[in-house]
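Participant: Starting off with a structure, shown below.
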Amino acid sequence: MHRNPVSESLLKQFILKFRTRLSANHMSSKVFPMSQQLSIFYQPCCSKIKLFSFLVCVFLLTLTGCGDGHPPRSLVTGTVSYNGKPLNIGSLVFIPVGGGPPAQGKVARDGSYEMGTFEEDDGVIPGNYKVMIVALTSSGGSGLPEDTVKANAEPVSVIPEWYGDLEKSGLLVTVVADKPNTIDFPLTDDKPQEPITK
């Protein structure tokens, strides 16, 4: 293969400069003045700082959702229980008191849930919300996720129906900005219970 003597000479000069910078990193400032040491490392450090700053920006945009054209959201998770036991099925809806996009979430088999506004689990816009919770199954069903509501059958609520009414549920929550929100809903047969915010 034919070698370009000019390119090879430039490569050797680059390697020589790189070794000089590398060795300077281990030498005392008494040998090299501080200004000279800074000039040696200024360009590489700036490149690393710019790369680090870019990665931090991407990470923050991912957390807040600011880069998707929607308002910032906060993570909202928690559990829903009924008479002291995890609710196995159901859905939650957060309706903003002052107007705006609602949020929704699905109750998992272990009673846990995670809310989403524009996507399934992208969080909730900070603010005050009325909450309704619906959990339906077939008549005679077990209340588990595998239950199916038959076409001609009347669906049955496994929790008191007032929890599915925004004006009667008595469930009000506040989603705080710039932090994850954990909100538990301890439902009972007696009366609407206050959500527990952690």
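Participant: Restricting the search to the range 154-196, which residues are touching a residue at least 60 places away in the same chain (Cβ under 8 Å), more than 15 Å from residue 91 (Cα to Cα) and more than 29 Å from the chain's Cα centre (by Cα)?
Facilitator: Scanning the range 154-196 gives 188, 189.
Participant: Taking the residues in the range 89-99 that are surrounded by fewer than 22 Cβ atoms within 10 Å (Cβ to Cβ) and at pLDDT 95 or above as candidates, determine which candidate is farthest from residue 182 (Cα to Cα).
Facilitator: Result: 97.
Participant: If residue 114 meets every condition in (1) touching a strand residue (DSSP E or B) at 6+ places or on another chain (Cβ under 9 Å); (2) outside any strand (DSSP E or B) apart from one, which number is that one?
Facilitator: Unmet for residue 114, out of (1) touching a strand residue (DSSP E or B) at 6+ places or on another chain (Cβ under 9 Å); (2) outside any strand (DSSP E or B): (2).
Participant: Moving to a separate point now. Anything in the range 117-141 that is assigned to a strand (DSSP E or B), of a type outside the set (Val, Ile, Thr), buried (at least 17 other Cβ atoms within 10 Å of the Cβ) and at pLDDT 95 or above? List them, or say none.
Facilitator: So in the range 117-141, the residues assigned to a strand (DSSP E or B) come out as 124, 127-134, 136-137.
Next cut, of a type outside the set (Val, Ile, Thr) only: 127-130, 132, 136.
Now narrow it down to the ones that are buried (at least 17 other Cβ atoms within 10 Å of the Cβ): 127, 129-130, 132, 136.
Listed by number, the residues that qualify are 127, 129, 130, 132.
The values are calculated or read from the model by the stated rules, or taken from the named source; none is laboratory data. From a predicted model like this one, the values you see are computed outputs, not experimental measurements. Every residue, glycine among them, receives a Cβ derived from its backbone with ideal geometry; neighbour counts consider all protein chains shown.
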